[in-house]
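The values are calculated or read from the model by the stated rules, or taken from the named source; none is laboratory data. All figures in this text were calculated on a predicted structure; none of them were measured in a lab. Because the Cβ atoms are built from the backbone with ideal geometry, glycine has one as well, and the counts that use them run over all protein chains shown.
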Amino acid sequence: MQYKKMTNEIYLRIDKDEPLIETIKNICEKEGVFGGYFRGIGACDKVVLQTYIPEKKDFISHTLTGMIEMISLSGNISKGSDALPFLHSHATFSQLNDKGEIVVTAGHMQEANISYTGEIIISPANETIERQFDPNVGIEVWKF
């Protein structure tokens with residue numbers, strides 16, 4: 001992993017076999033980013049997406065493996081209840097199925113492992129965005 005701060009953004013290259021979300025979190029913690037957003041593209045060999053089930057107030061996980069193109073990654077950064085950066089991210093991926101056809105999958109991103117490179121741009125906000133638990137939906141949301 002390498003990164004460079006340019007103007008008001010952080011350009012991050014995540015290398016082969018490095019975890020995507022964990023690496024972004026580590027850079028945010030190191031650089032004191034507790035508000036903002038990120039976006040990116042790249043290639044992965046393992047992805048864990050999640051779907052929220054409101055009735056259960058919990059997520060179910062879906063794991064993809066193989067040669068996976070990360071078409072689009074987007075997410076926001078806030079300060080978690082543990083005082084560490086909290087990332088809320090979604091992503092769209094494509095890969096070939098058993099018939100050689102392109103299949104597109106998307107969802108809430110839990111983690112991904114980079115297989116070639118991940119190119120991520122972090123755009124910090126000027127202020128911290130905190131989170132709070134919302135009992136109406138059963139998850140933490142932005143606190144204003």
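Do we have residue 68 as touching a Cys at 6+ places or on another chain (Cβ under 9 Å), crowded, with 17+ Cβ neighbours inside 10 Å and β-branched (Val, Ile, Thr) here? Spell out how you get there, then give the answer.
Values: touching a Cys at 6+ places or on another chain (Cβ under 9 Å): yes; crowded, with 17+ Cβ neighbours inside 10 Å: yes; β-branched (Val, Ile, Thr): yes.
Judged against the criteria, residue 68 is a match.
Counting residues in region 76-85 that are on the phi < 0 side of the Ramachandran plot, among the polar types (S, T, N, Q) and crowded, with 18+ Cβ neighbours inside 10 Å gives one or more.
Pairs are defined by a Cβ separation below 7 Å, a sequence spacing of at least 6 or placement on different chains, a first member in region 89-100 that is under 22 Å from residue 118 (Cα atoms), and a second member that is surrounded by fewer than 14 Cβ atoms within 10 Å (Cβ to Cβ) and aromatic (Phe, Trp, Tyr); no pair meets this definition. All conditions but one from (1) at pLDDT 95 or above; (2) not in a strand (DSSP E or B) apply to residue 98; the one that does not is (1).
Conditions (1) farther than 23 Å from residue 139 by Cα; (2) crowded, with 18+ Cβ neighbours inside 10 Å; (3) of a type in the set (A, V, I, L, M, F, W, C), marked per residue:
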{"site": "27", "(1), (2), (3)": "yes, yes, yes"}
{"site": "32", "(1), (2), (3)": "yes, no, no"}
{"site": "40", "(1), (2), (3)": "yes, yes, no"}
{"site": "44", "(1), (2), (3)": "yes, yes, yes"}
{"site": "51", "(1), (2), (3)": "no, no, no"}
{"site": "62", "(1), (2), (3)": "no, no, no"}
{"site": "73", "(1), (2), (3)": "no, yes, yes"}
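Within region 50-88, restricting attention to residues that are assigned to a loop (DSSP other than H, G, I, E, B) and without any contact (Cβ under 8 Å) to a residue 24 or more places away in the chain, the residue that is farthest from residue 135 (Cα to Cα) is 83.
Residues of region 1-25 that are under 13 Å from the mean Cα position of the chain (by Cα) and either among the polar types (S, T, N, Q) or surrounded by fewer than 15 Cβ atoms within 10 Å (Cβ to Cβ) (or both): 22, 23. Please work out which residue is surrounded by the most Cβ atoms within 10 Å (Cβ to Cβ), limiting yourself to region 101-133 and to residues that are without any contact (Cβ under 8 Å) to a residue 12 or more places away in the chain and among the β-branched types (Val, Ile, Thr). Among them, the one singled out is 103. For region 101-144, the set of residues classified as more than 23 Å from residue 31 (Cα to Cα), among the polar types (S, T, N, Q) and modelled with pLDDT of 95 or more consists of 105, 115, listed by residue number.
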